[in-house]
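Asks: Take this structure, written in structure tokens, and hold onto it; I'll ask about it next.
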Amino acid sequence: MAIVSHKGWYTARKLPHFDVPHTLQFITFRLGDALPQSVLRELRKKTCRLPADQRARSQRENIEYWLDQGLGCCVLRCSEMAEVLRESLVFHHGRRYELVAWCIMPNHVHVVIEPTYSLPRIVQGWKSYSARWALMHGSKSGLTLPYGQFWMRGYWDRYIRDVRHYQAAVLYVHQNPVKAGLCKRAEDWRWSSAYKGA
């Protein structure tokens, strides 16, 4: 296997990223149509009036709220599509990363991992594998795919700072379907590492 260098701190699409091996990461990525441009414009207007130190947090909280509203085609509701994405997440577990927690929502995905491989390449692998499958099998599976690009370019990541942050991140990942009204208990959501079903 080729040696892949890690980037450390870098910026892509105006978002800061931290790519360092063995650093726990909380990652979110979404479908291309999960947040309409009208919603994003409104969020930008709302957050630009805030003091600089509050903007990023407010924007993140507002985006999380809108993602949980189930906008867009929500192709990840399809069990075949969700299973392909789950397979993609677990495929390199134990080799390129340790998969700590994950949750596939109808239009976005949350993952907590400890990477040993390049973080941008890990996320790109998940996205490209699942998007290729959707494009090849979507019509025969009856999927309504996002117009334009399948996944939104980029991703949001936050490195885990301490034990409290770790516990909060894992709890957030597992509780997201409950918070969005998709199930009553985290362990009932089939597309999550919290799932306790058969």
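Asks: Specify which of the listed residues (SER58, SER88) is touching a helix residue (DSSP H, G or I) at 6+ places or on another chain (Cβ under 9 Å), surrounded by 14 or more Cβ atoms within 10 Å (Cβ to Cβ) and farther than 26 Å from SER130 by Cβ.
Replies: Among SER58, SER88, only SER58 is touching a helix residue (DSSP H, G or I) at 6+ places or on another chain (Cβ under 9 Å), surrounded by 14 or more Cβ atoms within 10 Å (Cβ to Cβ) and farther than 26 Å from SER130 by Cβ.
Asks: Out of the stretch 157-171, which residues are crowded, with 19+ Cβ neighbours inside 10 Å and either among the basic types (Lys, Arg) or touching a Ser or Thr at 6+ places or on another chain (Cβ under 9 Å) (or both)? It would help to see each step written out before you state the result.
Replies: From the stretch 157-171, those crowded, with 19+ Cβ neighbours inside 10 Å are 157, 160, 169-170; that's our starting set.
Passing the criteria: ASP157, ILE160, VAL170.
Asks: May I pose another question? Of the residues that make up the stretch 153-171, is at least one over 12 Å from the mean Cα position of the chain (by Cα), of a type in the set (Gly, Ala, Ser) and modelled with pLDDT of 95 or more?
Replies: Taking every residue of the stretch 153-171 in turn, at least one turns out to be over 12 Å from the mean Cα position of the chain (by Cα), of a type in the set (Gly, Ala, Ser) and modelled with pLDDT of 95 or more.
Asks: Hey, among ILE122, ILE104, which residue is within 15 Å of the chain's Cα centre (by Cα), in the same structural domain as HIS165 (by TED's automatic domain parsing) and within 17 Å of THR23 (Cβ to Cβ)?
Replies: The unique qualifying residue is ILE122.
Asks: Next question. Specify which of the listed residues (LEU119, LEU71, LEU67, LEU76) is surrounded by fewer than 22 Cβ atoms within 10 Å (Cβ to Cβ) and among the hydrophobic types (A, V, I, L, M, F, W, C).
Replies: That would be LEU71, the only listed residue that is surrounded by fewer than 22 Cβ atoms within 10 Å (Cβ to Cβ) and among the hydrophobic types (A, V, I, L, M, F, W, C).
Asks: OK, next. So in the stretch 3-15, with the set limited to residues that are within 25 Å of LEU67 (Cα to Cα) and either not in a strand (DSSP E or B) or not polar (S, T, N, Q) (or both), which one is modelled with the highest pLDDT?
Replies: In this case the residue turns out to be ALA12.
Asks: Another question, then. Examine the stretch 124-134 for a residue that is in a loop (DSSP other than H, G, I, E, B) and surrounded by 12 or more Cβ atoms within 10 Å (Cβ to Cβ), and state whether such a residue exists.
Replies: Within the stretch 124-134, none of the residues are in a loop (DSSP other than H, G, I, E, B) and surrounded by 12 or more Cβ atoms within 10 Å (Cβ to Cβ).
Asks: Mind checking which pairs have a first residue in the stretch 16-42 that is within 19 Å of VAL109 (Cβ to Cβ) and outside any strand (DSSP E or B) and a second that is at pLDDT 80 or above and of a type in the set (D, E, K, R), Cβ under 6 Å, 6 or more apart or different chains?
Replies: LEU24/GLU114
Asks: Tell me, which residue of the stretch 172-186 that is outside any helix (DSSP H, G or I) and surrounded by 14 or more Cβ atoms within 10 Å (Cβ to Cβ) is farthest from the chain's Cα centre (by Cα)?
Replies: Looking at residues that are outside any helix (DSSP H, G or I) and surrounded by 14 or more Cβ atoms within 10 Å (Cβ to Cβ), I get CYS183.
Asks: Something else about it: Answer yes if at least one residue in the stretch 74-86 is more than 14 Å from the chain's Cα centre (by Cα) and either aromatic (Phe, Trp, Tyr) or closer than 26 Å to ARG161 by Cβ (or both), and no otherwise.
Replies: No, the stretch 74-86 contains no residue that is more than 14 Å from the chain's Cα centre (by Cα) and either aromatic (Phe, Trp, Tyr) or closer than 26 Å to ARG161 by Cβ (or both).
Asks: Identify the residue in the stretch 91-116 that is β-branched (Val, Ile, Thr) and crowded, with 22+ Cβ neighbours inside 10 Å and, among all such residues, is farthest from GLN175 (Cα to Cα).
Replies: Among residues in the stretch 91-116 that are β-branched (Val, Ile, Thr) and crowded, with 22+ Cβ neighbours inside 10 Å, the one farthest from GLN175 (Cα to Cα) is ILE113.
The values are calculated or read from the model by the stated rules, or taken from the named source; none is laboratory data. Bear in mind that the values here come from a model prediction, so they are computed numbers and not experimental data. Methodologically, a virtual Cβ is constructed for each residue, glycine included, from the backbone with ideal geometry; neighbour enumeration extends over all protein chains shown.
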